[in-house]
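As structure tokens, the structure follows; a few thoughts come after it.
Any read-out appearing in this document is the output of simple, stated calculations on the displayed coordinates, not a laboratory observation. Because the structure is predicted, anything quoted here is derived from the model rather than measured. Please note: Cβ atoms are built from the backbone with ideal geometry, for glycine as well, and neighbour counts cover all protein chains shown.
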Amino acid sequence: MKVLFIGGTGIISSACAPLAVERGMELYLLNRGQSARPSPPGAMVLHGDIRDRASALQALGDHQFDAVVEWIAFTPEHIETDLSLFHGRARQYIFISSASAYQTPPVNLPVTESTPLHNPYWAYSRNKIACEERLLRAYREDGFPMTVVRPSHTYDQTLLPMHGGYTNVHRMRQGKKVIVHGDGTSLWTMTHHRDFAKGFVGLLGNNHAIGETFHITSDELLTWNQIVELVAQAAGVEAQLVHIPSDYIARFNSNWGDSLLGDKTHSMIFDNSKIKRLVPDFAAAIPFAQGVREIMAWYDADPSRQVVNTELDHLMDRLITAYESALPASRWFAE
């Protein structure tokens, strides 16, 4: 099977690419060769810029593919370029969308692939929805062989789950408080990229996936309190948590707040029955307690990776001070 990854060296795709090669696929990567992550041995790199149609056409030459995976499209304009490039060139086109496109907050749990798509809080998610809608129209009107995959919170050894990444670990190790949105009890799903890859690679070239949508996640459920505490344990410290509402955080930093209100604030529980029916050997086997130890080992192996965002660190201090200095609820009753 001949497969093209557009990108192919990102957090999620960096696990899917070597597994595809391991399973005997002839894998090509179309990218600019600027990623810090290396291409997997056995993959062939086509140097080109997917955002420059002429560059992409030159890199693609006369190649035809059994499957093309678009890892780095975020707007309908990106999809239009792909439709012009790959119509008649690919027997399957897989668009990597996002589980944040699902109805937010969800009316029903668990979330299935038929859950409505609606996110009024986050432009990133609305753009992904628009991409899906354009592809669905291309499938219905022109027979374009699309498949949609919606990852949820998928991580590798480089990705800490909290906003600000290593800055939070730095705060923990300094004995400072770290912020957890809400009361920390909303449920979340953390999926290791190697687990995701097992489900994803089973979709490549699978004719039963044409015209279909799938999410691929772990079945492990954790509260945000548990997630942050597991990070602290892996970092060898005890976390001092301070709980602050997401809308309060949004007043201080809209980017952070929008990503919370549009995604992490609400419990998200996924029904993975559909991917398991089509890819029977898919099973998520890596718990976050193991995955976070890999993360901390990666950061601790090289001090240059321990980047602290001082501006965000100071913002967190100001946010905590402002929130904790607000009038305590108990005083309303005392007065």
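One table, with the values for the structure above:
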quantity	calculated
Values of log10 I(q)/I(0), in the order q = 0.13, 0.26 Å⁻¹, for the range 48-88 under a Debye, Cα-only, solvent-free model	-0.24, -1.03
The range 157-171-the range 247-268 distance, computed between alpha-carbon centres (Å)	17
Residue with peak Gaussian network fluctuation, the chain [Cα springs, cutoff 10 Å], from GLU141, GLU133, GLU77	GLU141
For the range 188-200, Karplus couplings with θ = phi - 60° (6.51, -1.76, 1.60), whole Hz, Gly/Pro x	9, 10, 10, 10, 5, 5, 6, 5, 3, 4, 4, x, 5
Helix-only [θ]222 nm of the chain, DSSP H runs n ≥ 4, -39500 (n - 2.57) each, per residue, nearest 500	-11500 deg cm²/dmol
Above-threshold pairs, the threshold being 31 Å between Cα atoms, out of LYS128/LYS274; LYS176/LYS264; LYS128/LYS176; LYS128/LYS276; LYS128/LYS198	LYS128/LYS176
Rg ratio (alpha-carbon, reference 2.2 N^0.38 Å) - the range 200-328	1.38
Neighbour-count ranking [beta-carbon atoms within 10 angstrom, fewest first] of HIS63, HIS208, HIS192	HIS208, HIS63, HIS192
Amide H partners (placed H, <5 Å) of PHE270, local residues excluded	VAL111
Per-residue ³J(HN,Hα) for the range 307-313, Karplus 6.51 cos²θ - 1.76 cosθ + 1.60, θ = phi - 60°, Hz, x for Gly and Pro	7, 10, 7, 5, 5, 5, 4
Residue-by-residue Karplus 3J(HN,Hα) for the range 218-229, coefficients 6.51, -1.76, 1.60, Hz, glycine and proline x	5, 9, 6, 10, 9, 7, 5, 4, 5, 4, 5, 5
Choice from SER325, SER100, SER14 showing the highest fluctuation, given a GNM over the chain with Cα pairs closer than 10 Å	SER325
Distribution of pairwise C-alpha distances over the range 112-271, 10 Å bins, in %	10, 32, 34, 17, 7, 1
Under 11 Å, Cβ to Cβ, from ARG194 - net charge with Lys/Arg +1 and Asp/Glu -1	-2
Two-site FRET efficiency, LEU57 against THR158, from Cβ-Cβ distance with R₀ of 41 Å, rounded to 0.05	0.80
Choice from SER259, SER267, SER55 showing the highest fluctuation, given a GNM over the chain with Cα pairs closer than 10 Å	SER55
For LEU29, residues with placed amide H under 5 Å, excluding near neighbours	PHE5, MET44, VAL45, LEU46
Amide proton proximity set for VAL68, modelled H, under 5 Å, gap of 5+	LEU4, GLN92, TYR93, ILE94
Convex hull volume per residue in cubic angstrom - Cα atoms of the chain	143
